[in-house]
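Peer 1: I have a structure I would like to understand better, so I am pasting it below and will then ask my questions one at a time.
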Amino acid sequence: MSEITNPILMFIAIILTIIASFTAFDLLLLVKTARQNKLFLFLGSVFSLATGIWITSFFGLLARNMNVLQSYHLSMVVLSWSVGWVLTAVALYVLHVQQTTKLRIALMSLFMTAAVLAVHLISLRGIQVHINYNVLIFLVSALLTFTTFSLSFWLLFYAKLPYQHIWLKPLSASFVTAAITESHILLMHTVILPENGEQFIMEMNADLLLYLMLVASLIILGSLVVSTTLISKRLSTSDSNLQDIKLALDQSSIVAFTDRKGIITSVNDKFCEISKYSKEELVGQDHRILSSGYHSKEFFQDMWKTIGSGQVWKGEIRNRAKDGTYYWVETTIVPFMNRKGKPYQYLAIRNDITERKKAEEQIRRQDKLAAVGQMAAGIAHEIRNPLTSMKGYAEFLQLDEEDEERREYLSIILDEVERINEIVEDFLVLAKPKAVQLTKQNIIPIIHEVLTLMEMQAEHKGVELHFVCEQTQVIAQCDRTRLKQVLLNLVKNGLEAMPNGGDLYVRVQEAETICISIQDTGIGMTAEQLQHIGDPFFTTKKNGNGLGLMVSFKIIENHHGRITVTSERGKGTTFQIILPLERSK
């Protein structure tokens, strides 16, 4: 075996083979994801990789002895490249025809090893040199080539590594080049090349050598340019599509990305708009920053179990904004999985459904009010007649009764009769939706009157009353008596929610609507209790009948307004009365 006499030529061959392998892998990965031109990309990858194998074989021979050109037959050049091309095509077809498995990696490596050995052996036959077959060297060469190919293909196509690793394709291309090169070097131990006339042949065939190098370089660079162009086009198209999708999402939805632990990594402008937080305040936090306390721990455990298993989760969540207001979002959480089948980030797409939830709640309350109203209409008058008789006879007996114990019993009867009568009055309010007489009223004096009436009770309970309003006149279409009844009911409820004292704030804000808020610092309500507020006969008070709030909701509904409730256990409750604004003239 002769030693390498032209290392520069061998170095150029290795560099060209690395470029060819890299280009082939680029095209192969495009085949896996492309929707069009799959055959063109596949043939390009085969062409590039087969050319790389032939370059190492042919230029490796020239690097050892230029005399090979003297006896090299053109037909053998074509044959060696063609055989290498066919075997390479079979190898890559085995990889892409179905899902990649270890067996297919082994078969691909086997065919690639056969391609390398065939190209080298045909090239040696083409220069008509004596070959000393050494079985051990041949087997060692085949085994090393097979192993190196297997490692390269395993890294690129089977290992649980994302393609975006910048070192993956260059490393695999280097392994392939190493497999081709070491096979050539070991096989060269089995041949004897002629040594005379080298200078003459070098001079005679210098132009031919340069021509062959130029052609090979153009082939490889052409493939590289094609692959780069296709990849750039794909990236440009993908980037354009992503930008369009991002624009559409940003315009229509609330979007946030989190890492696998739920830490927020990115939010869009709509997220900031609805949550009242800035991007700087949100990024690095988890979604507990928006927790409203409405949902149970089991609710979120189920959500994490779903997305942690790679499934899409859909549901409705109530969040709390930075300013303390609550809003509802319809949420879809999409997990992004890595090659190991584990989530590495999540995309949450939300849509604001606050108004829809308010409408649903309004309909739910109206249905309940209608049901109770129908019942009230049927029984209220029937109850009042016997109540009147009971009350009259009890008062008559009380006049003539001298026994103090009996008089006390009669007083209890009269109190309970009066309590029943009040419940019947509440029923009648529900049964008569047109009972209110709406006139233009300044609601500020009504609120002052209510607070004045409740001062003694507030002082007795250790509660301080606060009234906050910048205007002295806020005009609304209302029934003074009925609105006063609602305010008294809500303020009284607030006082009773603070058995150990506290503060009760009544605020009036005037914008597109009139908002009267009654906020206490009492015990608050649980999420489950909050869901039943306004339901018939539901109460959180020991001696309540569960109709006061229902009547209040009905009265405000008849004012063409609505009542909203927010509460947090241990922090207090806020009722908001929303009324249409009547501009004063």
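The values are calculated or read from the model by the stated rules, or taken from the named source; none is laboratory data. What you are looking at is a predicted structure, and each value in this text was computed from that prediction instead of being measured. Backbone-built Cβ (ideal geometry, glycine too); neighbour counts: all protein chains shown. For the accessible areas, the whole protein counts, side chains as well, though only heavy atoms, and no ligand, DNA or RNA atoms are used. Shrake-Rupley method; radii C 1.70, N 1.55, O 1.52, S 1.80 Å.
Peer 1: Is segment 350-371 home to any residue that is open to solvent by 90 Å² or more (accessible area, probe 1.4 Å), modelled with pLDDT of 80 or more and not in a strand (DSSP E or B)?
Peer 2: Yes, segment 350-371 contains at least one residue that is open to solvent by 90 Å² or more (accessible area, probe 1.4 Å), modelled with pLDDT of 80 or more and not in a strand (DSSP E or B).
Peer 1: Same structure, new question: Kindly provide the set of residues from segment 273-283 that are within 18 Å of Y346 (Cα to Cα) and either open to solvent by 10 Å² or more (accessible area, probe 1.4 Å) or of a type in the set (D, E) (or both), ordered by number.
Peer 2: Residues satisfying the conditions are K279, V283.
Peer 1: Additional query: Can you say whether K305 is at pLDDT below 90 and exposed (fewer than 15 other Cβ atoms within 10 Å of the Cβ), as far as the supplied structure shows?
Peer 2: No: the conditions fail for K305.
Peer 1: When the residues of segment 138-186 are filtered to those that are aromatic (F, W, Y) and at pLDDT 80 or above, which remaining residue is most open to solvent (accessible area, probe 1.4 Å)?
Peer 2: Filtering segment 138-186 for residues that are aromatic (F, W, Y) and at pLDDT 80 or above, the one most open to solvent (accessible area, probe 1.4 Å) comes out as W154.
Peer 1: Among the residues of segment 438-467, count how many are open to solvent by 70 Å² or more (accessible area, probe 1.4 Å) and not hydroxyl-bearing (S, T, Y).
Peer 2: Going through segment 438-467 one residue at a time, the tally reaches 8.
Peer 1: Filter the helices (runs of 4 or more DSSP H) completely within segment 266-310 down to those with at least 1 residues that are under 13 Å from K322 (Cβ atoms) and in contact with a strand residue (DSSP E or B) (Cβ under 8 Å, 6 or more places away or on another chain).
Peer 2: Result: 269-275, 279-282.
Peer 1: If I filter segment 481-503 for residues that are under 16 Å from G561 (Cβ atoms), open to solvent by 10 Å² or more (accessible area, probe 1.4 Å) and among the aliphatic types (A, V, I, L, M), do I get at least one hit?
Peer 2: No; the residues of segment 481-503 include none that is under 16 Å from G561 (Cβ atoms), open to solvent by 10 Å² or more (accessible area, probe 1.4 Å) and among the aliphatic types (A, V, I, L, M).
Peer 1: Examine segment 504-513 for a residue that is surrounded by 16 or more Cβ atoms within 10 Å (Cβ to Cβ) and over 41 Å from the mean Cα position of the chain (by Cα), and state whether such a residue exists.
Peer 2: No - not one qualifying residue is present in segment 504-513.
Peer 1: Scan segment 336-349 residue by residue and report those that are aromatic (F, W, Y) and either open to solvent by 50 Å² or more (accessible area, probe 1.4 Å) or over 18 Å from F271 (Cα atoms) (or both).
Peer 2: Answer for segment 336-349, where residues must be aromatic (F, W, Y) and either open to solvent by 50 Å² or more (accessible area, probe 1.4 Å) or over 18 Å from F271 (Cα atoms) (or both): F336, Y344.
Peer 1: Which residue is modelled with the highest pLDDT, if the candidates are limited to segment 308-330 and must be open to solvent by 50 Å² or more (accessible area, probe 1.4 Å) and among the hydroxyl-bearing types (S, T, Y)?
Peer 2: The residue in question is S309.
Peer 1: Among all residue pairs at least 6 apart or on different chains, which show Cβ distances below 6 Å where the first residue, located in segment 234-260, is farther than 26 Å from W304 by Cα and modelled with pLDDT under 75 and the second is part of a strand (DSSP E or B) and open to solvent by 70 Å² or more (accessible area, probe 1.4 Å)?
Peer 2: Close Cβ pairs satisfying both conditions: none exist.
Peer 1: Taking segment 311-346 as the region of interest, how many residues are under 18 Å from S253 (Cβ atoms) and not in a strand (DSSP E or B)?
Peer 2: 2
Peer 1: Hey, which of the helices (runs of 4 or more DSSP H) in segment 1-83, taking only ones fully inside, have at least 2 residues that are at pLDDT 75 or above and either of a type in the set (A, V, I, L, M) or open to solvent by 10 Å² or more (accessible area, probe 1.4 Å) (or both)?
Peer 2: It comes to 7-33, 38-64.
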